[in-house]
1. Taking the Cα atoms of segment 38-179, what is the range of coordinates along each of the three principal axes, in descending order and whole Å?
2. Sticking with the crude label model, points 7 Å out along Cα→Cβ, report the distance from residue 316 to residue 447 in nm, one decimal please.
3. Between segment 212-227 and segment 335-390, what is the separation of their alpha carbon centroids in Å?
4. Quick one: order 351, 50, 326, 167 by neighbouring beta-carbon count within 10 Å, fewest to most.
5. What distance in nm separates the simple spin-label points at residue 53 and residue 422, each placed 7 Å from Cα in the Cβ direction?
6. Specify the angular offset, from 0 to 90 degrees and rounded to the nearest 10, of the alpha carbon long axis of helix 347-365 from the longest principal axis of the alpha carbons in the chain.
7. How many nm is it between the label spots at residue 109 and residue 345, if each spot is 7 Å from the Cα in line with the beta carbon?
8. Tell me, what HN-Hα J-couplings in whole Hz come from the Karplus equation 6.51 cos²θ - 1.76 cosθ + 1.60 at θ = phi - 60° for each residue of segment 175-180, using x for Gly and Pro?
Amino acid sequence: MDAVVRQEAKAAHPKAAIVTTCILAALAGLMFGLDIGVISGATQFIQADFKVSDSMIEWIVSSMMLGACVGALAAGWMSATLGRKRSLMFAGVVFIGGSLFCAVAGSPAVLILARCVLGVAIGVATFTAPLYLAEVAPEKIRGAMISTYQLMITTGILLAFLSDTAFSSTGNWRWMLGIIAAPGVLFLIGLFFLPDSPRWLLMRGRRDDAQVVLARLRGDEAVVKQEIAAIDEQLKTKQHGWSMFRENGNFRRSVGLGVLLQAMQQFTGMNVVMYYAPRIFKDMGYDTHAQMWFTAAVGLTNVLATLIAFGLVDRLGRKPILYVGFTIMAIGLGVVGTMMSLGIHSRGEQFFTVGMLLLFIVGFAMSAGPLIWTLCSEVQPLKGRDFGIAASTFTNWATNWVVGVTFLSLLSGIGNAQTFWLYGGLNAVFIVITFLLVPETKGVTLEQIESNLMSGKPLRAIGR
């Protein structure tokens with residue numbers, strides 16, 4: 001077997017293999033982004049076609065998150081039993097079917113059910129893809145590679161916004177919802193070219209296969225042996241996530257941190273902009289045509305700003321970028337709320353308010369968007385990683401549902417300005433939480449993070 005590994009290492013092009021593998025896996029984020037973006041542009045046409053209230057629109061939008069909660073819970077077992085690759089393939093098949101189901105829905109109730117099915121696929125994918133990326137990427141570029149996942153989410157949102165804009169002239173929301181099945185097919189095809197996670201292969205006792213995969217991804221026989229030895233050390237005890245959660249206080253701390261981080265990401269207010277952007281621009285005084293184009297501008301800003309994190313996460317670290325991002329988001333939403341309170345009367349005031357909303361998008365896309373997923377995949381110990389990431393991903397979708405199902409009600413209940421001030425204030429609170437609890441994990445191996453956690457170091461120090 002050593003000869004095979006040596007041959008694979010010599011023939012490998014590790015940089016190309018790593019980048020290609022991570023991009024293909026991160027395409028799971030593209031599916032997530034497509035669904036976020038497509039429903040944003042479709043809601044006004046669905047509401048007009050079915051003649052339903054804002055409350056029903058909230059349920060149509062947020063039902064996907066309920067399905068994603070189920071998918072996230074099931075994904076822990078699936079990724080451990082079937083493997084990361086096969087779990088992503090399952091998500092791809094269900095995503096394609098769910099998209100087509102949405103397109104043919106004949107009533108609001110059926111559309112809600114279809115979006116629940118679609119959500120199951122998204123829940124499995126959002127659990128499995130960051131986990132897979134963390135396990136195949138070397139620690140030196142792990143942050144950047146996991147950030148490709150967020151980049152794909154933002155790219156999917158942009159593509160969906162552009163698609164919605166193209167279909168808005170006809171108001172054909174069925175095409176808006178159904179067209180995203182096509183990228184799902186491409187994602188499914190790409191999965192056939194991915195290797196299994198070497199960590200998962202070792203967990204299943206497939207040592208030879210793991211060595212071959214690592215040889216292709218690392219291109220250095222010595223590095224392969226070192227990484228295999230480090231993983232072997234952690235695999236002396238099998239995964240016991242639930243029993244570990246009940247018995248080990250240090251593991252409960254890492255699970256709690258992952259849950260908190262995902263709640264923070266959702267309560268920044270980013271997804272209310274993604275889900276309801278046309279409605280927000282309508283309240284700023286724009287007509288339907290302008291609403292769709294400004295929504296597309298939101299998507300483009302999201303993509304471009306994500307590249308900031310992509311380039312800086314492994315140089316500056318996680319915490320400095322989070323500080324900057326939460327500060328920008330607090331200021332952006334605070335100003336948007338103030339402008340809505342004072343009243344937006346002139347064209348200049350409209351553009352200024354849009355600019356502040358786009359500033360908020362920049363703050364999220366460069367920080368909490370990609371880095372929360374990165375941190376959640378890094379802080380969980382290997383023996384409980386599936387359970388820990390399942391808990392944090394479930395929290396992401398549960399809080400996502402809360403945000404989606406309450407935004408329009410908040411607008412009508414406490415007012416536009418107060419709603420944006422609320423989310424702006426939460427971002428200010430998240431600056432303090434980041435200082436007190438979030439560790440800096442730049443350039444630290446997953447094994448060292450686990451060692452620090454289990455030795456009882458404070459959460460903010462487990463990356464040292």
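1. 51, 28, 23
2. About 3.2 nm separates the two model spin labels.
3. 37
4. Details: 351 13, 50 16, 326 25, 167 21.
Result, fewest neighbours first: 351, 50, 167, 326.
5. Going from the residue 53 label point to the residue 422 one covers 1.8 nm.
6. It is inclined by approximately 20 degrees.
7. 5.0
8. With the stated coefficients, segment 175-180 comes to 5, 4, 7, x, 5, 6 Hz.
Taken together, the values in this text are just the output of simple stated rules run on the coordinates, not laboratory data. Predicted, not measured: the structure shown is a model, and the values here were computed from it. Cβ coordinates were reconstructed from backbone atoms using ideal geometry, including for glycine residues, and neighbour counts include every protein chain displayed.
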